[in-house]
Structure formats: structure tokens, C-alpha cells
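Comments concern the structure below.
The values are calculated or read from the model by the stated rules, or taken from the named source; none is laboratory data. Every value quoted in this text rests on a predicted model; they were computed, and no experiment measured them. When we count neighbours, we look across all protein chains shown, and the Cβ atoms used for this are built from the backbone with ideal geometry, even at glycine. Protein only, heavy atoms only, side chains kept; ligands, DNA and RNA dropped before computing areas. Shrake-Rupley method; radii C 1.70, N 1.55, O 1.52, S 1.80 Å.
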Amino acid sequence: MSIVQTQLGGILPLVARGKVRDIYEVDQETLLFVATDRISAYDVIMANAIPDKGVLLTRLSEFWFKFLEKDVRNHLRAPCEGLFGGLPDALTSPEYRSQLEGRSLLVQRYRLIPLEVIVRGYITGSAWKEYQERGTVHGLALPAGLRESEELPEPMFTPSTKAEQGAHDENISPAQAADLIGQELCDRVAALAIRLYSKCKKYARERGIIIADTKFEFGIDDKSGEIVLVDEVLTPDSSRFWNAANYEVGKPQDSYDKQFLRNWLTSNKLNGVDGVSMPEEIVTRTKEKYVEAYEALTGAKW
């Protein structure tokens, strides 16, 4: 059974429904994040879902939170296994447990830094398109002669705006990001994101996966000024994962992530179209890709 949208009977106030997550307020300092099985591409949510996708995303995020805990503080208050101890008793009934179990996290509420903090290690996607047209990525000049999917000389901080649901994220330059959040904070976010990406990229490469790029989200602790890692971390929804065994510069890559769905949409001229239903073959093959990535990265069997 897929969970497309949670319904908690008004027991907790709904804060937001994102492209994937339903977010509820537990108290003034605590949120309940529920990863549904919704899937989006080109900023549009598909009409049907990928079964158990939310469980996969949650387990993978938990893995990365643990992997990075010595490098950055995160917002996790209670993992899946300790979830119900922090929720109202009414949510432990089978009706609600079936919606929450395995796909939910209790997290500390922080003030969000209003950026999609993207780090790119390889040139692909919208970055490749911009480079072909102007020789730049997010307005930053790059050396001439780069080929599609080529590794960049150094990982790049390439932010975008954080759009509301239904709107589109907009690629911006680091200078524009600094105008939004201040130069000092922008520099700190960029340095931290590149450091986290570089560590995870090295780990994944040893396990046969290339992390071509990823999107981090951060909050800030207003008491200490500390930057906190929030939302999801290095999942197929927020990253491009490539099969290292098949990697070849100069062409698109065999992908473990949503690029498979994006390619199908593009080939059928459905990119950006609302209300699209994926054929069963696309649903099955997309889930298989998510499972492959999860098993390769965590070493756990699905």
C-alpha cells in the first residue's frame, strides 16, 4: 500500500504538505516529518506514487545523519524506532500507526535558511545546459572544454531559491545567495556543504556510487548561531546517484535517482505537466533504483 497523503484526524496541526513530506506540529519546538510515497519531477508531483519510497528515504536520511553526526549537528530528536514515545497516545492506534510507522521522524524546529544548498561535483542537468549556452554554472565561469558528466575541478556551491509548493526553484549565483542571507552566513553554509558533500562522495564512490550533486537544507540555532542540517540528506530525491561501474564522460549516466523518471517525462514531452500518472513499469523500475542505491550505500538489505 502506498501512502500518498497522511490524515491524522486533527490530532496534530498540519504545518505543510511539501512535494514529499507532510509536516505536523507536535509542540512549539518539535515537528513530525512524514515522508510519503509521493514523487515529483520538474517541480510537479506525479498523480501516482512509488510504494515504500517514503520508508526508503527515511532510512537513508537516518543513515546519513548518523554518518555525519561528528561533522554537523542535525535536527533529529527521535528516529523511527523511538517515534511513538514522543507522540500523543491517540496516534498509536492502527489507523494512524500504519500511516506513520517506518517513514516518520521527530525533529527539532529551527529557523530555516531560505536556500536550496546545492553542491555539484560533476557537470550535468541544468548546470550542463547553462555551461553549453554560456560557459558558466550559476553564473560562475568554468574552464572551456568540459564534457557532459565530467568531474569538476572542485565541488561547487551552486544555490537556488527555495520555492513554495507549486512554484519553481530558481538557480542563483553565490553572490545572489549572499544578498539573501548575508555574506558571512552564506560563506559558512557554502564551506560546510562542500565539506559534507566531499566526505559523502568519497564514501559512496568506494561503494560503487558516484554522487554527482546533492541538495542540502540547513536551519540555524538562534541561541548559538550554529548551522544545523535539516530535512532529508543525500537521498535519491535530493541527489543524483550514478552507477560508477558504467560511468563514462561525454554522455548522460545510468542513474539511481529521479533522473530515470525525468528522462521518461522528457521523452514523452510531459516535463512540467500536472496530473501525470506513471505507467506501472516506470513505478517498478524507479523503486528498484531506489532500493539499489539504499542497499549499496548502507550495506543493509531492503
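Some observations on this one:
- Under the convention that each Lys and Arg Cβ holds +1 and each Asp and Glu Cβ holds -1, the size of the dipole of the stretch 117-276 around its Cα centre is about 540 debye.
- Rounded if a/c under 1.5, otherwise prolate or oblate - the stretch 75-144, Cα gyration tensor axes: prolate
- Taking a ≥ b ≥ c as the square roots of the eigenvalues of the alpha-carbon gyration tensor, the stretch 14-108 is classed oblate because a/c is 1.5 or more while a/b is no larger than b/c.
- Among the lysines of the stretch 111-255, pairs that are 8 or more positions apart or on different chains and have alpha carbons within less than 17 Å of each other number 5.
- Cut-off under 5 Å, modelled amide H: who pairs with S40 long-range: M46
- (1) 16; (2) 25; (3) 30, with the label sought being that of the calculated percent of Cα pairs over 35 Å apart: (1)
- In the chain, the DSSP-assigned H stretches of four residues or longer account for a calculated mean residue ellipticity at 222 nm of -9500 deg cm²/dmol, using -39500 (n - 2.57) per stretch and the full residue count as denominator.
- Cross-link reach list, lysines versus K289, counting only Cα pairs under 18 Å and skipping chain neighbours closer than eight places: K53, K258, K301
- Charge dipole of the stretch 1-160 (Cα centre as origin; +1 on each Lys and Arg Cβ, -1 on each Asp and Glu Cβ, all else neutral): 100 debye, rounded to the nearest 20.
- Cα shape, the stretch 111-264, gyration tensor, a/c 1.5 rule: prolate
- Normalised by the number of residues in the stretch 14-108, the average gap of Cα pairs under 8 Å and 6 or more apart makes the relative contact order 30 percent.
- Charge dipole magnitude, Cβ of K and R +1, D and E -1 - the chain, Cα centre, debye nearest 20: 500 debye
- Taking all protein chains into account, the per residue accessible area for the stretch 14-108 stands at 40 Å² (1.4 Å probe).
- Amide hydrogen neighbours beyond the local backbone of V230, cut-off 5 Å, H modeled: E217, F218, G219
- When the charge dipole of the stretch 1-137 is built from unit charges on Cβ atoms (+1 for Lys and Arg, -1 for Asp and Glu) and taken about the Cα centre, the candidate among L57, S126, F67 whose Cα reaches farthest toward its positive end is S126.
- Restricting the trypsin sites (Lys or Arg not before Pro) of the stretch 247-292 to loop positions (DSSP other than H, G, I, E, B) with no more than 11 neighbouring Cβ atoms within 10 Å leaves K269.
- Rolling a 1.4 Å probe over the protein heavy atoms of the stretch 70-168, with every protein chain left in place, gives an accessible area that is 49 percent carbon and sulfur.
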